[in-house]
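First comes the structure, then the notes that go with it.
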Amino acid sequence: MLSGLSFQLSAFAFLLLAGCTTVPTEYREPPPLTAAERTTHNLAVLDRVWSLVNDKYFDAGFRGVDWAAMRAQYRPEAAAAPDEEALYRVLNRMNAELKESHLSAIPPRRAHERSIEHQPAVGIRWLILEGKRVVDDLVPGGPAALAGVQRGWIVTTRNGAPILDNDPYRPQLNQPVTYGFLDAQDAPHSFTLEPQLLDFVRREARPLAGGALYLRFDEFDRASLSWLSDRLKTAPVPPAVVIDLRFNPGGNALALSVAIAEFFTHRVAEGRLVSRNGHASEEHSLSWLSARYPGPVVLLTGPATGSAAEIFAHVLQFHGRAKVVGHPTAGAVIFSRFWSLPGGGRLQIPVTDYIGLDGKRLEGRGVTPDVVTPPRTLADIRAQRDPDIVAALNLLSRPAESAAAPANHAKARE
């Protein structure tokens, strides 16, 4: 993340550039390697990962880990890895020695899927509730939704076999898969579905009881920023907004800074960034034709709320601009960059640490909601009842407890 004037100029460029959408394409496996070629390739990837972390990781002390020893320790396992998936498991075990989020080696297939923002899938997202895999969300227009699968159904089998924990299965194009389900009446259903290249990122706007506007966006990027600003400016201006960040793992730092400005009439502090050389910079929101939305705001968070979404929640909560409802966030808050690896993989490295407005790192801590809600149950999902939204509406029905306008926060920095 850039700071100062260069940060602001980059943000304006970010907003003004027309998006260039990559046409989704299927990942093509490269030709198989001989045993000797595999060993040479594996060691080249390992050395590249180790060197990049050695040079770019934000903590030059490597959290007390003997990083020089890590290359020697993991080199034999990396050399012996029979394929890319096995190699990247070794690489990420090495990275995990630093116990930091946003430090991940991404295999070529998944790197390709990230670049096209699509992945082969049938469009089901499930939760483990009461020991069962419960369908919690469906990609609109995806194979599962079109076949008639419903939220609240229980996934029982895949291709006739029970689904195991830590199952390595990944859907592939042109490889139909048969799922077994139990519906709300425990009646069995079976569908053979053809995986398609799907985008799981959602943007959704709908009215709630009392006139509040529900807004869900699953990534901080230029498209979501434009979408959010438009919804906040739409006449008549909604009397309150409930922003669902429970599926939002983060995104672009520039979009984050501009999104924060949508809820204030002036620039506000966002926190402090600390680079590898110890330089610290104070960051502020960046207003660019923002909505300056004046109404009450409630944010919904959960364990999948990460990175930029956590900073968004932290800043609005700290400044008294929003109440946070739900469950603690992921605690994965470091600014990172990506580098290419031999063979098409990518490496994400934390390059700048983030210190919150309370003077503490959010990494490993996350954001604690103002109102912690009970866990959802299977009965909740089947009844289309969302305890987090219920709690948000209860807050909004008590104006003295909702954040109707920017306020000075009483907490001091440490």
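The values are calculated or read from the model by the stated rules, or taken from the named source; none is laboratory data. Nothing here was measured: the structure is a model prediction, and the numbers come from that model. No Cβ is skipped: glycine too gets one built from the backbone with ideal geometry, and neighbour counts run over all protein chains shown. Each accessible area value is taken on the protein alone, full model and side chains, heavy atoms only, with ligands, DNA and RNA left out. Shrake-Rupley method; radii C 1.70, N 1.55, O 1.52, S 1.80 Å.
Worth a mention:
- Kirkwood hydrodynamic radius of the range 170-210, Cα pairs, Å: 13.6 Å
- What the phi angles of the range 102-118 give under the Karplus curve with 6.51, -1.76 and 1.60, with θ = phi - 60°, is a coupling list of 6, 10, 8, 8, 10, x, x, 4, 5, 5, 5, 5, 5, 5, 9, 6, 9 Hz, glycine and proline written as x.
- Note on the range 133-230: the C-alpha convex hull projects to 8.7 nm² when averaged across all orientations.
- Protection proxy ranking, highest mean first, for peptides 302-313, 381-392: 302-313, 381-392, where packing is the per-residue count of other beta-carbon atoms within 10 Å, averaged.
- Accessible surface of the range 116-273, 1.4 Å probe: 52 percent of it comes from carbon and sulfur atoms.
- Shown here: the range 197-253, whose C-alpha atoms stretch 36, 21, 19 Å along the first, second and third principal axes, sorted largest to smallest.
- In the range 218-375, the C-alpha radius of gyration followed by the widest Cα-Cα span (Dmax) gives 15.7, 53 angstrom.
- Cα shape, the range 46-130, gyration tensor, a/c 1.5 rule: prolate
- Only Lys, Arg, Asp and Glu carry charge here, each on its Cβ (+1 for the first two, -1 for the last two); on that basis the range 283-396 has a dipole of about 140 debye about its Cα centre.
- Normalised per residue, the volume of the convex hull around the Cα set of the chain (Å³): 160 Å³
- Placing unit charges on each Cβ (+1 for Lys and Arg, -1 for Asp and Glu) gives the chain a dipole about its Cα centre, and among GLY359, PRO303, ALA79 the Cα reaching farthest toward its positive end belongs to GLY359.
- Along the axis of the charge dipole computed for the chain (Cβ charges of +1 for Lys and Arg, -1 for Asp and Glu, origin at the Cα centre), the listed residues PRO249, PRO294, PRO32 are led at the positive end by PRO294.
- For the range 135-143, backbone phi angles converted through the Karplus equation (6.51, -1.76, 1.60; θ = phi - 60°) give residue-by-residue couplings of 5, 9, 7, 9, 6, x, x, x, x Hz, Gly and Pro being listed as x.
- Dividing the summed helix terms, -39500 (n - 2.57) for each DSSP H run of n ≥ 4, by the number of residues in the chain produces a 222 nm estimate of -9000 deg cm²/dmol to the nearest 500.
- Assuming charge only on the beta carbon of Lys and Arg (+1) and of Asp and Glu (-1), the dipole of the range 149-215 about its Cα centre is about 240 debye to the nearest 20.
- Computed magnitude of the charge dipole of the chain (debye, nearest 20; Cβ of K, R +1, Cβ of D, E -1): 560 debye
- For the range 40-192, fraction of C-alpha pairs farther apart than 20 Å, in %: 61 percent
- Out-of-range pairs (alpha-carbon distance over 23 Å; input LYS132/LYS323; LYS233/LYS323; LYS99/LYS323; LYS323/LYS360): LYS132/LYS323; LYS99/LYS323
- Share, in percent, of DSSP beta bridges within the chain that are antiparallel, nearest 5: 75 percent
- Normalised by the number of residues in the chain, the average gap of Cα pairs under 8 Å and 6 or more apart makes the relative contact order 16 percent.
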